[in-house]
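The values are calculated or read from the model by the stated rules, or taken from the named source; none is laboratory data. Only a predicted model underlies this, so the values are computations on that prediction, with no experimental measurement involved. Cβ coordinates were reconstructed from backbone atoms using ideal geometry, including for glycine residues, and neighbour counts include every protein chain displayed.
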C-alpha cells in the first residue's frame, strides 16, 4: 500500500486521509462530526454501539472501524441514517435505566447529548427492559451503577490499555452481556479514582460515579449545556473555512 | 470417572472427554484436590490462553461447573485475569457457573421438536427424575435443560444426555431412558449394551440415523477414496485454485462466497504460517447436512481440507465441531488417526516432500454465533465467540493474526470431488451461478424427513414432492435467517439467484401458527446474539416482544410499520450476519403471509388504543390510594 495521502468525500465534501486512518479518524481531522458513543479519543476502536454507522459507497459500515479509502463516497448526515442512529440511541435508553432528571451525569452525559443531537424529543416507541442490578458502592471513591451502562466498553479498554490494570471486562452473552469488575466488587480490585478508566471523560453516562463530586459543576454549566455534542469537532471545519 | 488417571496428551491429540456414569457424585470443587485437578487440566493444554475453551470444557466435564475458585486457578495458570476467564466461561451455553448434574440432559426445543411431541418427552423426564426443566436434582445427579436445535430435526424430538444423542423421543421412550439413568445406567449403554466394543463409526450411527433419502453424484453417491487429493498432490497451488475457481464452487455454509477466491486471497499472503479451518458448527435451526457428511464422508471432508492446505500453503488445520456433535468426535479422531497412519496427514503427504499438514479438532460449547467465521476464529483463540472487525478479513489476518481459510464441511467435500472430476463436470450440474449439487436438510411436516442431495435450481414444489410435503402451507428455506415462503411461492427455485440456502428446508402444514414459529425463531436469535453490537443485542429483544404483542392480540396496524422500521435498523447497522438476517422471519412472513399480521391487529378508537385496558392500568393505584377513580369509576361515590 502506498503511503501517499488520498481524498474521498463525506456528504459531498472532499477530505484528505492518510493510509491506515478510519473514516472517522479522517472525518474528525477534517472537522466533520460522525456521531459515536463507544469510540473515544485515545482508545482502540470497538465498533460496538453502531451509532457511527455511515454508508460507504452505499454499504453500511461503522465509521470508526471502516478504513478510509481513495474516492470512497460516504454518506453521513442523511435523514435515513440519522433515523437509524436515533433508533440505536433509543435502544440504549431502553436497555438500561436512564432517568435524566435524577442522574448526576445529566448535562455531561453523551447518551443524553446524542439524543438531543439526533432529535429524540418525543416519547420513545420501544419497551423498557428495566434492569435491576445492584449498585456497587464498595469502593471509597468510586461507585458503579451498571443500570446506566450502555456497554460501550470504554472503561474496559481504558483500564486494560491505558492504565494496564484490566479492572473491567464483559461477561455474559446477548442481552445478558454486561460490564463486570475483575473481582467480587470494585473495592477488591486495584481501581483508583485517578485511573484513566475512572475519569469523567471515559464513561459516557452516569455508570462510573466519582463520589462527592457529582454536583460540583451545576446543571446549566455542564459540558453539553452550551451546545450539541460534536460541535468541538465541527468547529475545526468552520474555523478552517473562515481563514 | 474420578478414579481414572488422565494421561498426558500432546496438543494435536486431545484427550477424550470422559462422560459421567451417573453413579459417582460429581466433584464440586470444594475439596482440596480440586485445585490440583484444575492445574493438571491447564497443564494438559500447555497453560495456553488460546486453549481456554478446551480448558473450560474439561473443567466443566470434570466438576460439572466453572466455580469462581476454578476461574481464579485457570486465570493464574494461563496468565489471564479472572474477568477474562469469566468472559469466556459466561459466553458459552454448555459452560455453567452453577453446578450441573453428573448427567445433564439437554432437550432440544426447536420448533420442529415442539411440533413432534417435545412436551410429552419433557413431561416424562420431569416426572421420572422428579425435577423441573432448568433445574438440578438435590443429589447433584441430574440436570434438565432446554437447548436450541441440536441438528436432529429429521428425528425429533431429540436430546443430548451428556454427549450422547437420543432421538425420536416418545413419552414412553423418554420415560424408560430416564428410569434407566436413575437406576444407574450410563447413557452409552442405553444406546447399545456393547457400546464400548463398537467402533467409533458404529457408535455414531448407533445413536443417530443418517436418513440419506436421495444421494447425488457429487457427495453421497460412490466416492473414490482420495482421488482428488492424489491429483492435487501433483498440481501447483495456482492450478488447484484455478480449478476450484473454474468450477464456480460457492460456500455451502450460507453466505455463498466464491470458494476459489477465498483460497486465492489466502494463497497470495506472504505470511508462511497459514491455517485451514473447517466450519462444522452447523447451528442454523433445521440444518443437519454436515452431521451426515461428518458421519459418512469424514474422509472426503479431510481430503478437501488437505487440498486447501496445499493450495494456500497451510501446515495446520482445525475442525471446529459444534458441542452438540460431541458424539462424532471419536469417529473424527479415528478417521484422522487412520489418515495419519496412511500418510495422508502429517509430514510429506503422499510422499511429496514438504507437503505437511495436520488437523486437530476444536470442540464448540453451544454458541450458534461461532458458525460466523470471525466468531469461530475468536472461539479457537480462547476468546468469547464474538465476530471480528472486518477488515481485516480472515484470509488476510485470521487465526492469531495469520491468513486463515474457513470453509463449510460441504464446501471441502465439493472441492475434493472437483479436484478429482474436474471443474467442467461440476459446472455441468445445477444452474448458471449455482453450480453443482447441494445437500438439503428437510424436516418438519413431511413424510420423509432427511438428507437430499439435489442439483441447484429445483423448485420448492419439486423438493416438497420428493419429501412428501403435500400438506405444506409454509416452507422455511435456509432456516430462520432465510426466507419463509407460502404456497404461491412454491415455484421459486433453490439457487443463489432466487432462494439462497445453506440447505435447511423446514416444512409447516396449514395447522401451524405462523406467529408462533416467528416468535420461536426470534427467541432463538435473542438467545444466540453475542451482544457485541447494540442493534442485534437490543433490537432483537424488541422484535420478539412485538411479535408477542401480535400473538396476544394487543397489536395495532402501526405495529407493522414499527416492525419494518426496527428490522431495517437492525439489518443495516448490525456488525455481522446474525443481525443482518435475524429479522428475516418477520420480514419474510410480513411479505408472504401479510394476513397473519392484519388478522391479529385491533384498530384504535376515540384516541384510545383498543388494546389499552384502563381498568387494569389503574388497579394498582386504586389499591394504594384505597379509593376509586373519580374519572374512570362510574360508581366513584359508592
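Inside the stretch B:43-73, can you point out the residues that are over 25 Å from the mean Cα position of the chain (by Cα) and within 14 Å of chain A (Cβ to nearest Cβ)?
Within the stretch B:43-73, B:67, B:68, B:69, B:71, B:72 qualify.
Quick one: how many residues across the stretch B:558-585 are farther than 23 Å from residue B:604 by Cα, in a helix (DSSP H, G or I) and in contact (Cβ under 8 Å) with a residue 40 or more places away in the chain?
Residues that pass the stated criteria total 7.
Condition check: in contact with a strand residue (DSSP E or B) (Cβ under 6 Å, 6 or more places away or on another chain) and either part of a helix (DSSP H, G or I) or surrounded by 17 or more Cβ atoms within 10 Å (Cβ to Cβ) (or both). Does residue A:233 satisfy that?
So residue A:233 does not fit the description; no.
If only one of A:183, A:206 is part of a loop (DSSP other than H, G, I, E, B) and within 14 Å of another protein chain (Cβ to nearest Cβ), which one is it?
A:183
Which of the strands (runs of 3 or more DSSP E) found entirely inside the stretch A:1-108 contain at least 3 residues meeting this: farther than 30 Å from residue A:170 by Cα and either in contact with a strand residue (DSSP E or B) (Cβ under 7 Å, 6 or more places away or on another chain) or within 14 Å of chain B (Cβ to nearest Cβ) (or both)?
In the stretch A:1-108, A:6-10, A:13-17, A:73-75 are the strands (runs of 3 or more DSSP E) which contain 3 or more residues that are farther than 30 Å from residue A:170 by Cα and either in contact with a strand residue (DSSP E or B) (Cβ under 7 Å, 6 or more places away or on another chain) or within 14 Å of chain B (Cβ to nearest Cβ) (or both).
Select from the stretch A:103-155 the residues that are without any contact (Cβ under 8 Å) to a residue 40 or more places away in the chain and within 14 Å of the chain's Cα centre (by Cα) and list them in ascending order.
Passing the criteria: only A:115.
Kindly state which strands (runs of 3 or more DSSP E) lie completely within the stretch B:408-496 and contain at least 1 residues that are more than 26 Å from residue B:517 (Cβ to Cβ) and touching a residue at least 40 places away in the same chain (Cβ under 8 Å).
Result: B:437-444, B:450-455.
Working carefully through the options A:214, A:206, find the one that is surrounded by 21 or more Cβ atoms within 10 Å (Cβ to Cβ), closer than 18 Å to residue A:137 by Cβ and either in contact (Cβ under 8 Å) with a residue 40 or more places away in the chain or not assigned by TED's automatic domain parsing to the domain that holds residue A:150 (or both).
A:206
Which one of the conditions (1) in contact with a helix residue (DSSP H, G or I) (Cβ under 9 Å, 6 or more places away or on another chain); (2) in a helix (DSSP H, G or I); (3) outside the structural domain of residue B:537 (by TED's automatic domain parsing) does residue B:508 fail to meet, given that it meets all the rest?
So the condition that residue B:508 fails would be (2).
What residue, of B:290, B:334, B:330, B:358, is in contact with a strand residue (DSSP E or B) (Cβ under 9 Å, 6 or more places away or on another chain) and farther than 30 Å from residue B:483 by Cα?
Exactly one of B:290, B:334, B:330, B:358 is in contact with a strand residue (DSSP E or B) (Cβ under 9 Å, 6 or more places away or on another chain) and farther than 30 Å from residue B:483 by Cα, namely B:358.
Answer with yes or no whether residue B:365 is within 14 Å of another protein chain (Cβ to nearest Cβ), buried (at least 19 other Cβ atoms within 10 Å of the Cβ), part of a helix (DSSP H, G or I) and out of contact with any strand residue (DSSP E or B) (no Cβ under 9 Å at 6 or more places or on another chain).
no
Filter the stretch B:124-152 down to the residues that are touching a helix residue (DSSP H, G or I) at 6+ places or on another chain (Cβ under 7 Å) and surrounded by fewer than 18 Cβ atoms within 10 Å (Cβ to Cβ) and list them by number.
B:132, B:133, B:137
Being outside the structural domain of residue B:548 (by TED's automatic domain parsing) and either farther than 23 Å from residue B:542 by Cα or within 45 Å of the chain's Cα centre (by Cα) (or both) narrows it down to one residue among B:606, B:577; which is it?
B:606
So which residues in the stretch A:162-180 are part of a loop (DSSP other than H, G, I, E, B) and either at the interface with another protein chain (Cβ under 7 Å from one of its Cβ atoms) or within 21 Å of residue A:98 (Cβ to Cβ) (or both), if there are any at all?
A:166, A:172, A:173, A:177 - these are the residues of the stretch A:162-180 that are part of a loop (DSSP other than H, G, I, E, B) and either at the interface with another protein chain (Cβ under 7 Å from one of its Cβ atoms) or within 21 Å of residue A:98 (Cβ to Cβ) (or both).
Working only within the stretch B:74-95, note down all residues that are within 28 Å of residue B:146 (Cβ to Cβ), away from every other protein chain (no Cβ under 11 Å) and part of a helix (DSSP H, G or I).
B:74
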